[in-house]
Amino acid sequence: MSKGISLKQIVQENFLNWKYAIDNLGHPVEYTLKIEEADYRLDFTEGDLRELRRCNFIEELVLNSLKSIFGVEDVNQIEAGEFGREIPYGITPKIDVYLGVSNGDYLVMVSDNGPGIPPENQEKIWSPKFSTLGTRGNGLPLLREKLDRLENYQVRIELESVVEKGTTFKMYFSSRQPAP
Ligand SMILES: Nc1ncnc2c1ncn2[C@@H]1O[C@H](COP(=O)(O)OP(=O)(O)OP(=O)(O)O)[C@@H](O)[C@H]1O
Ligand SMILES: [Mg+2]
């Protein structure tokens with residue numbers, strides 16, 4: 001066990017990566033990171049920690065939001081202004097990341113005000129090679145696979161999405177070991 005290392009630290013480390021990506025887009029995108037006051041000292045095994053750090057689980061969702069908001073295959077196209085989607089008038093792209101606790105589970109949430117995912121695609125996004133962005137379409141299936149391999153945590157992912165309103169991914173981390 002890795003004493004003292006918490007999900008909070010991993011989220012904060014991860015934040016630095018996607019903050020950097022957003023700050024260098026050359027296009028205004030609002031973002032927030034909110035971390036609720038809570039006890040985040042639950043232990044992860046060394047393996048879980050390595051996996052969570054390596055899989056950049058928030059970054060994958062944030063990049064999906066950015067690609068979807070601007071309708072691009074690659075976030076590098078955003079700086080060049082090559083948008084495949086018109087951002088509705090008066091809307092500033094926005095991505096919110098949240099860490100908190102819900103019914104004893106850790107909750108990590110990533111929300112955007114992008115194009116949304118139509119109901120008929122909401123199951124398909126978890127299948128390999130499904131993409132509406134012209135990319136590989138493996139990000140979410142790989143993320144799911146990696147989260148399923150965590151030893152001490154079980155991760156449930158809920159999707160809430162409304163077309164032309166936005167998308168929220170909620171990841172609930174519950175301890176596999178019942179508290180003593
Ligand atoms: N925030 C979002 N808003 C709208 N659509 C989304 C969002 N996140 C995911 N999607 C949809 O889910 C699809 C699958 O996402 P996934 O991350 O698996 O693949 P990708 O991003 O297209 O490609 P890759 O991750 O391999 O580069 C996307 O192509 C898009 O249609
Ligand atoms: Mg992706």
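None of the figures in this text is laboratory data; all of them are computed from the coordinates on show. Bear in mind the structure is a predicted one, so any value in this text is a computation, not a measurement. Cβ atoms come from the backbone with ideal geometry, glycine included; neighbour counts cover every protein chain shown.
Quick notes on this structure:
- Each Lys or Arg adds one and each Asp or Glu subtracts one; over the other residues with Cβ under 9 Å from the Cβ of R156, this totals -1.
- Placing pseudo-labels 7 Å out from each Cα toward the beta carbon at N76 and E46 gives an inter-label distance of 3.6 nm.
- Cleavage-rule hits (chymotrypsin sites (Phe, Trp or Tyr not before Pro)) in region 121-175: DSSP loop, at most 15 neighbouring Cβ within 10 angstrom: F130
- Extension gain for Q9 to V163 (0.36 nm times residue separation, less C-alpha to C-alpha distance): 52.1 nm.
- Spin-label pair K34/Q154, simplified geometry with 7 Å Cα→Cβ offset, distance in nm: 2.8
- Loop-located GluC sites (Glu not before Pro) in region 84-133 (DSSP state other than H, G, I, E, B) with a sparse environment of at most 11 neighbouring Cβ atoms within 10 Å: E86, E123.
- Over the chain, dividing the summed -39,500 (n - 2.57) contributions of all DSSP H runs of at least 4 residues by the number of residues returns a 222 nm mean residue ellipticity of -9000 deg cm²/dmol.
- Neighbour-count order for D105, D148, D48, fewest beta carbons within 10 angstrom listed first: D148, D105, D48
- Note on R53/N121: beta-carbon distance plugged into 1/(1 + (r/R0)^6) with R0 of 35 Å gives a FRET efficiency of 0.70.
- Between 0 and 90 degrees, the angle of helix 139-148 with respect to the longest Cα principal axis of the chain falls at about 10 degrees.
- Backbone phi angles across region 24-31, fed through the Karplus curve with coefficients 6.51, -1.76 and 1.60 (θ = phi - 60°), yield HN-Hα couplings of 9, 6, x, 9, x, 9, 7, 8 Hz in residue order; Gly and Pro are listed as x.
- Proximal lysines relative to K94, as straight alpha-carbon distance under 24 Å, when same-chain residues fewer than 8 apart are discounted: K8, K19, K34, K67, K165, K170
- Taking amide hydrogens as placed 1.01 Å from N in the peptide plane, the amide H of G166 sits under 5 Å from those of G116, each at least 5 positions away in sequence or on another chain.
- Between 0 and 90°, nearest 10: helix 57-70 axis offset from the chain longest Cα axis: 10
- Chymotrypsin sites (Phe, Trp or Tyr not before Pro) within region 61-108: DSSP coil, no more than 15 neighbouring Cβ in 10 Å: F83, Y89
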